[in-house]
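A.B. asks: Right, I'll just put the structure down here and ask away after.
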Amino acid sequence: MGDAGRAVRVLHVDDDPDFAELVSTFLERTDDRLEVATEHDARDALASLSDHAVDCVVSDYEMPEMDGLEFLEAVRERWTELPFILFTAKGSEAVASDAISAGVTDYLQKSTSTEQYGLLANRVCNAVERTRAKRERQRNLEAIERAQEGISILNDDGTFLFVNETYADLYGYDREELLGAHWERLYRDEDVAEIRETVLPVLDAEGQWHGQTTGRRADGSTFLEDHTLARTDRGEIVCTVRDVTD
C-alpha cells in the first residue's frame, strides 16, 4: 500500500463467533497493518460504523434478521465509498450479481484453506489503498480548483484530463471545451514547433521544465505566460500557467 505502516481498520461481521474470531486472528497475523473488530449481527455493525472509523467492512451473507446484501444496501445508503467485501460460504451467481448491483467492492468465498485468509487480507488492503488514493486525488483536485494559477493535467498523449477555472479563463475557453482537447490548440503553429523541439525533450529527460511561452487565446490574441511542467509517476503532465504579459 502507498500508506506503508498506516493501520487498516476492518469491521468483520459474521454470526458465527468462533469463525469470526478465527478470521480476525488470521488476518492480523497475515498483515500487521490490519486491526480487526468483530460484530455478530448486522444491525450492531451499523451502530458500530456510526461510532467508530472503519476502513473496510468484511461481511458474511447468510445471517439472521439482516443478511449480507441487506447490510450492504444499508451501508451504501450512508457510506457510499466505504470498501465492502462479501466473504461468504454461499457462492451462487445470483448472490454475486446482486452484490455487484448493490455496490459491493469485492466478493470472496469462504474456504477451509488458510491461503484464503491471505487472499482476503490482500483484497482488503488493495480495496483500502484504492479508496485512499481516490480520496487523496480528489483532495488534490479540490486544492487545484481553488488555486490562483491556471492548472491543468494532461495524459501522456497531450490531451487535457483536467483544467481548473483559472486555466480555462486565461485562454478564453469554457472548461468543457478544453477537456479532451490537445494542448496544441492553445498555441500558434510556430510555438507548437518550438515547444516540441525545446521544451518536451527537457521534460522527458528531467521530469520537469520551467520557462516562458506564448499562449494563444480563443479569440486569437496572445499573451506571455510563465509556464511550469512536471511529469507525475502516473505519466501524466501537470501544467501551471500565469499571465506575465505586464
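A.B. asks: Which parts of segment 217-246 would a label at D156 reach, counting a residue when its backbone N lies under 20 Å from a point 7 Å out along Cα-to-Cβ?
C.D. replies: 229-239
A.B. asks: Follow-up. Express the accessible area of segment 15-168 per residue in Å², computed with a 1.4 Å probe while the remaining protein chains stay in the model.
C.D. replies: Heavy-atom SASA per residue in segment 15-168 reads 52 Å².
A.B. asks: Quick one: ranking E236, E35 by accessible area, 1.4 Å probe, largest first, what do you get?
C.D. replies: Heavy-atom accessible area, descending, gives E35, E236.
A.B. asks: Any idea how far apart L200 and R188 come out in nm if each label point goes 7 Å out from Cα toward Cβ?
C.D. replies: Taking the two extended label points, one gets 2.0 nm.
A.B. asks: Mind checking the full-extension length gain between R217 and A181? Use 0.36 nm per residue of separation minus the Cα-Cα distance, one decimal, nm.
C.D. replies: 11.5 nm
A.B. asks: Could I ask something else about it? How would E93, E197, E165 line up by accessible area, probe 1.4 Å, largest first?
C.D. replies: Highest to lowest solvent-accessible surface, that is E93, E197, E165.
A.B. asks: Per DSSP H run of at least 4 residues, take -39500 (n - 2.57); add these up for the chain, divide by its residues and hand me the 222 nm value, nearest 500 deg cm²/dmol.
C.D. replies: After summing the helix terms and dividing by residue count, I get -12500 deg cm²/dmol.
A.B. asks: Quick check: net charge around C56, other residues with Cβ under 10 Å of its Cβ, Lys/Arg +1 and Asp/Glu -1?
C.D. replies: Cβ neighbours under 10 Å give a net charge of 0.
A.B. asks: Roughly how much of I100 is accessible, in Å² to the nearest 10, using a 1.4 Å probe?
C.D. replies: Surface open to solvent at I100 totals about 120 Å².
A.B. asks: Between D18 and N126, take the C-beta separation as r, use R0 = 35 Å, and let me know the FRET efficiency to the nearest 0.05.
C.D. replies: 0.80
A.B. asks: Once you sort the root eigenvalues of the Cα gyration tensor of segment 1-128 as a ≥ b ≥ c, which label holds: rounded (a/c under 1.5), prolate (a/b larger than b/c) or oblate (the other case)?
C.D. replies: Note, shape of segment 1-128 comes out rounded.
A.B. asks: For a Förster distance of 41 Å, can you work out the FRET efficiency between the beta-carbons of R78 and A230, rounded to the nearest 0.05?
C.D. replies: Working from the Cβ atoms, E equals 0.60.
A.B. asks: Enter the accessible area of L203 (Å², nearest 10), with the probe set to 1.4 Å and all protein chains included.
C.D. replies: Per-residue accessible area (L203): approximately 0 Å².
A.B. asks: Which residues' amide hydrogens lie under 5 Å from the amide hydrogen of Y187, considering only partners 5 or more residues apart or on another chain, with H built in the peptide plane?
C.D. replies: Sorted by chain and number, the residues that satisfy this are R216.
A.B. asks: For the chain, just say rounded, prolate or oblate: build the C-alpha gyration tensor, square-root its eigenvalues into a ≥ b ≥ c, call rounded for a/c under 1.5, and beyond that prolate if a/b exceeds b/c, oblate if not.
C.D. replies: prolate
A.B. asks: Whenever you get a sec, line up S152, S111 from highest to lowest accessible area (probe 1.4 Å, protein heavy atoms).
C.D. replies: Most to least solvent-accessible, the answer reads S111, S152.
A.B. asks: With the full set of protein chains in place, find how many percent of the accessible area of the chain is carbon and sulfur; take the probe as 1.4 Å.
C.D. replies: Carbon and sulfur atoms account for 43 percent of the accessible area of the chain.
A.B. asks: Between A7 and E145, what length comes free when the chain is fully extended (0.36 nm per residue of separation minus the Cα-Cα distance, one decimal in nm)?
C.D. replies: 46.7 nm
A.B. asks: Follow-up. Please state the shape class of segment 102-246: rounded when a/c is under 1.5, otherwise prolate if a/b exceeds b/c and oblate if not, all from the C-alpha gyration tensor.
C.D. replies: Judged from the Cα gyration tensor, segment 102-246 comes out prolate (a/c at least 1.5, a/b above b/c).
The values are calculated or read from the model by the stated rules, or taken from the named source; none is laboratory data. Here the structure is a predicted model, which is why all the values come from computation and not from measurement. As a convention, Cβ positions derive from the backbone with ideal geometry for all residues, glycine included, and neighbour counts pool all protein chains shown. Please note that ligands, DNA and RNA were not included when accessible areas were found on the heavy atoms of the full protein model with its side chains. Shrake-Rupley method; radii C 1.70, N 1.55, O 1.52, S 1.80 Å.
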